[in-house]
1. Which members of the stretch 128-156 meet the condition of being within 12 Å of the ligand (Cβ to nearest atom) and open to solvent by 10 Å² or more (accessible area, probe 1.4 Å)?
2. State the number of residues belonging to the stretch 58-80 that are in contact (Cβ under 8 Å) with a residue 40 or more places away in the chain and either open to solvent by less than 50 Å² (accessible area, probe 1.4 Å) or more than 21 Å from the chain's Cα centre (by Cα) (or both).
3. Checking Asp294 against (1) open to solvent by 30 Å² or more (accessible area, probe 1.4 Å); (2) on the phi < 0 side of the Ramachandran plot; (3) more than 14 Å from the ligand (Cβ to nearest atom); (4) free of Cβ contacts under 8 Å to residues at least 60 places away in the same chain, which single condition isn't satisfied?
4. Identify, please: which residue in the stretch 1-31 is part of a helix (DSSP H, G or I) and at pLDDT below 75 and is, among those, least open to solvent (accessible area, probe 1.4 Å)?
5. How many residues are more than 25 Å from Arg314 (Cβ to Cβ) and more than 14 Å from the ligand (Cβ to nearest atom) if we restrict to the stretch 276-291?
6. Return the pairs, sorted by first residue and then second, in which the second residue is open to solvent by less than 10 Å² (accessible area, probe 1.4 Å) and among the polar types (S, T, N, Q), the first residue lies in the stretch 171-183 and is within 14 Å of Leu151 (Cα to Cα), the beta carbons are less than 9 Å apart, and the residues are 6+ apart or on different chains.
7. Go through the stretch 139-154 and report how many residues are touching a strand residue (DSSP E or B) at 6+ places or on another chain (Cβ under 7 Å) and among the aliphatic types (A, V, I, L, M).
8. Which residues, taken from the stretch 246-268, are among the hydroxyl-bearing types (Ser, Thr, Tyr) and either more than 14 Å from the chain's Cα centre (by Cα) or within 16 Å of the ligand (Cβ to nearest atom) (or both)?
Amino acid sequence: MTKKPDIESILGATASKTFLGLKVCHDFDMINASSVFIGAKGATPYGNMGPFCQNAPDAIRKAIGYMANNIDRYNFDIGGPIFPKGSKPAGDYGNLPFSETNFSENRSVIRATVAKALKAGAVPIVVGGDDSVPIPMLDALADTGKYYTILQIDAHIDWRHSHMDEKLGLSSNMRRASEMAHIKQIIQIGARGIGSAHLDDVQDAQEWGAEIIPADDVHLYGITQIIEHITPGANIIICFDVDGLDPSIVPGVLARSPGGLTYSQAIGLIKGAASKGTIAATNFTEFLPESDVDGIGALTVSRVIAATMGVIARQNNKSK
Ligand SMILES: [Mn+2]
């Protein structure tokens, strides 16, 4: 038997409990962070499913632990160190408390924490939980008085009125977003195969004005045309369901669906968004560590988040 070489020790890895070894960042010091990783185990899980993505935040932190000691090295995904000289680094808020019975409390905690981050000027990066998590995050953005464009990356459009008698569940987040006065534009990227949507859900989405770009079109025409859809100067919310990525790079999802986005397309969309407007909030949901294969999905998602932090740190510099 051959032993796997320990690449982590070659890279100088040390055990880190926070994402990328970032400083723990609580309410009062979010002001010193360009963005903040907020771990969420869930919000409004469907009754028979439970909080199936509750272990995502810790699995994602662990997957990028090997980079914690090398955070100042050149990251070719974003053309420089993650946090360039003069920029504010990101922080890690830890995991929010989660109740398996009191879903309204889960939503309140997410909403309040996102609101605190926004007030401090740190872009919230809400990580973990199923796709019900974005709903309270989006709610919190109403308080800013600004208007927003949502860039949703997902294999599913999530336009169900309700599912399993639950209106605030994972299949309804874009429907709920469309009902919020502060959401002016929704661009949905990566849909493929069969999801929760019926024909009338797709028709409602299109009637509202949601721009649906199926994964096939992303592969055929590239991401440039999608970035052109973003209103110039927009405040952008990236709602990233990691099943939008191809299951070959993120096998740790509930329902693997072939034909998903590549890593480069995802990074390109995030960089493209920041070039067109300002990223105001993000979430990364639906990662299911128990279905992952050899940690490849946790690694992919953690790398997308690290690149996103770098993109956000740069946009903060730009605006000053
Ligand atoms: Mn999905």
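The values are calculated or read from the model by the stated rules, or taken from the named source; none is laboratory data. The shown structure was predicted, so the numbers you read here are calculated from the model rather than taken from an experiment. Every residue, glycine among them, receives a Cβ derived from its backbone with ideal geometry; neighbour counts consider all protein chains shown. Note: accessible area is taken over every heavy atom of the protein model, side chains too, but ligands, DNA and RNA are not part of it. Shrake-Rupley method; radii C 1.70, N 1.55, O 1.52, S 1.80 Å.
1. Correct list: His156 only.
2. 16
3. With respect to (1) open to solvent by 30 Å² or more (accessible area, probe 1.4 Å); (2) on the phi < 0 side of the Ramachandran plot; (3) more than 14 Å from the ligand (Cβ to nearest atom); (4) free of Cβ contacts under 8 Å to residues at least 60 places away in the same chain, Asp294 is out only on (2).
4. It comes out as Ser9.
5. So the count comes out to 2.
6. Note: pairs meeting the criteria are Asn173/Ser132; Asn173/Gln152; Asn173/Thr285; Met174/Gln152; Met174/Gln188; Ala177/Gln152; Ile183/Thr149.
7. Within the stretch 139-154, residues that are touching a strand residue (DSSP E or B) at 6+ places or on another chain (Cβ under 7 Å) and among the aliphatic types (A, V, I, L, M) number 4.
8. Once the filter is applied, which keeps residues that are among the hydroxyl-bearing types (Ser, Thr, Tyr) and either more than 14 Å from the chain's Cα centre (by Cα) or within 16 Å of the ligand (Cβ to nearest atom) (or both), the stretch 246-268 yields Ser248, Ser257, Thr262, Ser264.
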